[in-house]
């Protein structure tokens with residue numbers, strides 16, 4: 001499981017580097033790079049279960065190091081979960097507040113009667 005997390009992180013870092021290198025490209029192309037990276041990262045656990053594993057000393061040592069580092073950090077897990085939940089709640093609150101403001105603007109909007117704006121909209 002930890003190996004799949006490391007591999008997914010590597011895929012996302014590569015996607016981030018490619019997207020950062022493509023600053024002059026259109027947003028659609030950068031979006032496609034990030035989408036491909038996310039799809040690749042989500043597919044890694046499935047591939048880890050279905051495909052034969054590669055035995056590399058670097059991956060094994062990285063997994064072992066990660067597991068050793070996580071043992072002393074076990075007490076921080078509840079705090080990390082609380083921070084994540086607080087961030088998710090703040091994001092959802094902001095999203096709901098913005099949706100409410102948008103609905104308020106839409107309710108108070110008046111139809112445009114000017115023919116020039118109607119022709120532009122069409």
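Bear in mind these aren't lab numbers, they're just calculated from the coordinates by the rules spelled out. Predicted model only: the values in this text are computed from it and were never measured.
Couple of notes before you dig in:
- Share of Cα-Cα pairs in the chain lying beyond 19 Å, as whole percent: 73
- GNM top mover of 61, 26, 48 - the chain, alpha-carbon springs below 10 Å: 26
- Just checking the listed ones, 77, 101, 30: in the Gaussian network model of the chain with Cα springs under 10 Å, the one fluctuating most is 101.
- Between 0 and 90°, nearest 10: helix 27-50 axis offset from the chain longest Cα axis: 40
- The chain: angle of helix 57-70 to the longest principal axis, Cα-based, in degrees nearest 10: 80
- For the stretch 1-70, the Rg and Dmax computed from alpha carbons only, in angstrom: 14.4, 43
- In terms of its Cα atoms, the stretch 76-122 spans 62, 19, 8 Å along the principal axes, sorted from long to short.
- With Cα atoms, 0 to 90° folded angle of helix 77-108 axis to the chain main axis: 10
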